[in-house]
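Working notes, structure below.
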Amino acid sequence: MIEGKSIFTRAVHAGERGPKPDFQPVSTPIYQTVGFFYEDIKDLDGVFANEREGYVYTRYGNPTNSALEEALANLEGGETALTFGSGMAAVHASLLAAGVKAGTSLLAAYDIYGATYAICSRLFPELGVRTHFVDVTNLEEFAKTLSTAKPVAVILETISNPLMKIADIPTISHLAHRAGAKVIVDNTFATPFLFRPIEHGADFCLHSTTKYIGGHGDVLGGAVVTSRENHAPLHEIIKMTGGNLGPTEAWLTLRGLKTLPLRMRQHCQNALEVARWLEGHPRIARVNYPGLASHPQHELAQNLFPPGFYGGMISFEVKDAAKEEIFRFMETLELIIPATTLGDVYSLVLYPPMSSHRALSPEERAKVGISDRLVRLSVGIEEAAEIIGDLERALEKSR
Ligand SMILES: Cc1ncc(COP(=O)(O)O)c(C=O)c1O
């Protein structure tokens, strides 16, 4: 095709679109392409018409993303999945796909992640949606709000951020469905290693794959796992609004996903050890960790999660500490990194009033129970004794 052509033409086409291989790469390659071509245009037409499987344009779908989507759907026990450029793009698209639009109402957990809270309390109300915030651990209040607000959707987290409250997803899904609402569960903190919301009635299970799924702190992304039926509106939304995950990011995330169970096992074992140690420390006023008997939903966590595993996230209050002391503590840590993320192989520490929950007013934070003495710890996969050693030294030195 290019023989005898000029250097300009050969530079563009040489080496591209070679013969179809009769081998399979062992690991999924990165399909770093925007478009896909078919020798027979009828095939392209068939893909556009949804009459045959295939790819036409990466905003509509890409084989690298599909590999990640299939893996996520499989691990979460859903029929399909779609990947997004960030967890927030996944939150936004799942709310729209669940039927949230002008004139409808929405029910959200009052202690949901800060940016999700902002979508529900500001962005959607400006577009004519009424949001009702509830404590989803109070099932009586939840059921009452369902019957008065008549929401089209409920959005909540399996393990809430940063107080680590556990939602009774099976009961909540049952109550919501009875009231005609779809259930969207952000499973970022739990991951399918601990809990699979779809298997317990949720309609949409979403992730910030930036966290445990990717796991290495090097790639932003989001995903929504759902049924074939719910997939159709979700796919229409991503085709229109384009919050796609790039193929290279999909590849990195897929690579991270392979070690999710290994990492989660270590995160959970380390976190339990760290939480127990923190609880016994004289300078710590309170520890929020579902694996501790002192946690208000410890029993529920035991019922929902595999025996002995409660996740890698902890928050704790330093006794009588002012903000300056908390900052000093965070700066004194050597192994644990003060960084605004979680779920990485590294141990990370964060001050919620400054970062994840900055969008909330001091009054809103107080209502949720996020005090100015609260520190959130994402326990990494390092040696537990060395994480504890770092905490012990920083607590001592930052007095
Ligand atoms: C529970 C939860 N959901 C969603 C998000 C948003 O994810 P992303 O930062 O990938 O947009 C975060 C981010 O921290 C989160 O913690």
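For the chain, modelled as a Gaussian network with Cα springs under 10 Å, which listed residue fluctuates most, 273, 157, 140?
140
Determine the calculated [θ] at 222 nm for the chain from helices alone, applying -39500 (n - 2.57) to every DSSP H run no shorter than 4 residues and normalising by the residue count; nearest 500 deg cm²/dmol. If you can, show how the numbers build up before the last one.
Values: 15 runs with 153 residues, N = 399.
So the helix-based figure for the chain works out to -11500 deg cm²/dmol.
Mean-square fluctuation check for the chain, GNM, Cα pairs under 10 Å: which of 122, 52, 255 is largest?
Among 122, 52, 255, the largest mean-square fluctuation in the Gaussian network model of the chain belongs to 52.
If you count, for each residue, the other Cβ atoms within 10 Å and average over each peptide, how do 188-197, 294-303 line up from highest to lowest? Write out the running numbers ahead of the final one.
Working: 188-197: 25.7, 294-303: 15.9.
Top to bottom by mean Cβ count within 10 Å: 188-197, 294-303.
Seen from all sides and averaged, what is the projected area of the convex hull of the Cα atoms in the chain, in nm²? Numbers along the way, then the final one.
Details: hull surface 92.5 nm².
So the mean shadow area of the Cα hull is 23.1 nm².
Ranked highest first by average number of other Cβ atoms within 10 Å, how do 73-81, 380-388 line up?
Numbers: 73-81: 19.4, 380-388: 17.7.
Order by mean packing, descending: 73-81, 380-388.
Rank 11, 271, 339 by mean-square fluctuation in a GNM of the chain with C-alpha springs under 10 angstrom and give only the top-ranked residue.
Highest fluctuation among the options: 11.
Of 144/323; 182/211; 144/367; 42/258, which pairs sit farther than 28 Å apart, going by alpha carbon to alpha carbon?
On the way: 144/323 38 Å; 182/211 25 Å; 144/367 20 Å; 42/258 37 Å.
Listed pairs above 28 Å: 144/323; 42/258.
Using packing as a proxy for protection, rank 204-213, 89-98 so that the peptide with the highest average count of other Cβ atoms within 10 Å comes first.
My ranking of the peptides, most packed first, is 204-213, 89-98.
How much of the accessible area of the stretch 1-72, probe 1.4 Å, is carbon plus sulfur, in whole percent? Can you show the working numbers first?
Details: 3120 of 5770 Å².
In the stretch 1-72, the share of accessible area belonging to carbon and sulfur is 54 percent.
Taking the stretch 350-399 as the region of interest, what is the percent of Cα-Cα pairs per 5 angstrom bin, listed from the shortest bin to the one with the maximum distance?
Going from the shortest bin to the longest, the percentages are 4, 18, 21, 18, 14, 15, 8, 2.
Along the positive direction of the dipole of the chain (beta-carbon charges: Lys, Arg +1; Asp, Glu -1; about the Cα centre), which of 361, 311, 298 reaches farthest?
Ranked along the dipole, the leading option is 361.
Convex hull over the alpha-carbon atoms of the stretch 301-399: what's its volume per residue in Å³? Numbers along the way, then the final one.
Working: hull volume 11.9 nm³, N = 99.
With only Cα atoms used, the stretch 301-399 gives 120 Å³ per residue.
Amide H to amide H under 5 Å from residue 105: which residues, 5+ apart in sequence or cross-chain, H placed 1.01 Å off N in plane?
Result for residue 105 returns 130, 152.
Could you work out the relative contact order of the chain? I mean the mean sequence separation of Cα pairs under 8 Å and 6+ apart, divided by the number of residues, in percent. List each step's numbers first, then the result.
Details: 755 pairs, mean separation 64.1, N = 399.
For the chain, the relative contact order is 16 percent.
What are the principal axis extents of the Cα atoms in the stretch 36-119, in Å, biggest first?
Each principal axis gives a Cα extent; for the stretch 36-119 these are 53, 32, 21 Å.
Taking all protein chains as present, what is the carbon and sulfur share of the accessible area of the stretch 330-391, in % to the nearest whole number, probe 1.4 Å? Walk me through the numbers before you get to the answer.
Details: 1340 of 2520 Å².
Using a 1.4 Å probe with all protein chains present, the stretch 330-391 comes out at 53 percent carbon and sulfur.
Tell me, what % of the accessible area of the stretch 178-242 is carbon and sulfur with a 1.4 angstrom probe?
Values: 1110 of 2210 Å².
Here carbon and sulfur together make up 50 percent of the probe-accessible area.
The values are calculated or read from the model by the stated rules, or taken from the named source; none is laboratory data. Please read these numbers as outputs of a predicted model, since none were measured by experiment. Backbone-built Cβ (ideal geometry, glycine too); neighbour counts: all protein chains shown. Ligands, DNA and RNA are excluded from the accessible area calculation, which covers all protein heavy atoms including side chains. Shrake-Rupley method; radii C 1.70, N 1.55, O 1.52, S 1.80 Å.
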